[in-house]
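Notes follow the structure.
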Amino acid sequence: MWLAGLVKNNIKGGNGGVGSLLVRYMSRTRAVNVRKINPKVPIPEAKSIASSLYDLIKQRGPLTVPNTWTLAQEAGIGGLNSKTHMKIMLKWMRGRKLLKLFCNQVGSNKKFLHCTLPEEPRTEQLESLPEPVLQTKKKPSAKRKKKTKK
């Protein structure tokens, strides 16, 4: 009941700051669950297309969707039916945590770029780094021995 009063006051021009935030939050549409995207092809074929696109993006760096489409056509990636199908595949790859989409804003222009996620550090690099030596002094135990009654 109190919520309706806040929303009515805010709509009429009252000081209902909480109501405006609540209306704005509740009026938003939910984000698409990218993990449930259907790649429109059988899974083994989707994995091969995804690996080809992943290699392409990893080689060329962050790419926009049009640049990815032209490079995919030049590379001759099989299985991509159209640019729309490639967009679905990129979204499927984002859901599988293979790609990351980020925005590069210059002035009033925005460019959305796809890039690969950083890979795990290689074991060769880990083996070559020396382990830091920790200097710890052995302190006497703070606990006292209990005296037994005789």
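The values are calculated or read from the model by the stated rules, or taken from the named source; none is laboratory data. Keep in mind it's a predicted model, so treat the numbers as computed, not measured. No Cβ is skipped: glycine too gets one built from the backbone with ideal geometry, and neighbour counts run over all protein chains shown. Only protein heavy atoms, including side chains, enter the accessible area calculation; ligands, DNA and RNA are left aside. Shrake-Rupley method; radii C 1.70, N 1.55, O 1.52, S 1.80 Å.
The rows are residues; the columns are (1) more than 13 Å from Leu90 (Cβ to Cβ); (2) among the acidic types (Asp, Glu).
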position: Arg28; (1), (2): yes, no
position: Ala31; (1), (2): yes, no
position: Lys40; (1), (2): no, no
position: Asp55; (1), (2): yes, yes
position: Val65; (1), (2): no, no
position: Leu71; (1), (2): no, no
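Report, by residue number, each residue of the range 60-102 that is open to solvent by 20 Å² or more (accessible area, probe 1.4 Å), under 13 Å from Leu117 (Cα atoms) and part of a helix (DSSP H, G or I).
Once the filter is applied, which keeps residues that are open to solvent by 20 Å² or more (accessible area, probe 1.4 Å), under 13 Å from Leu117 (Cα atoms) and part of a helix (DSSP H, G or I), the range 60-102 yields only Arg94.
Regarding Ile57, is this residue modelled with pLDDT under 95, crowded, with 17+ Cβ neighbours inside 10 Å and within 23 Å of Leu117 (Cα to Cα)?
No: the conditions fail for Ile57.
Looking only at the range 15-31, count how many residues are under 27 Å from the mean Cα position of the chain (by Cα) and either open to solvent by 100 Å² or more (accessible area, probe 1.4 Å) or in contact (Cβ under 8 Å) with a residue 24 or more places away in the chain (or both).
Matching residues across the range 15-31 total 7.
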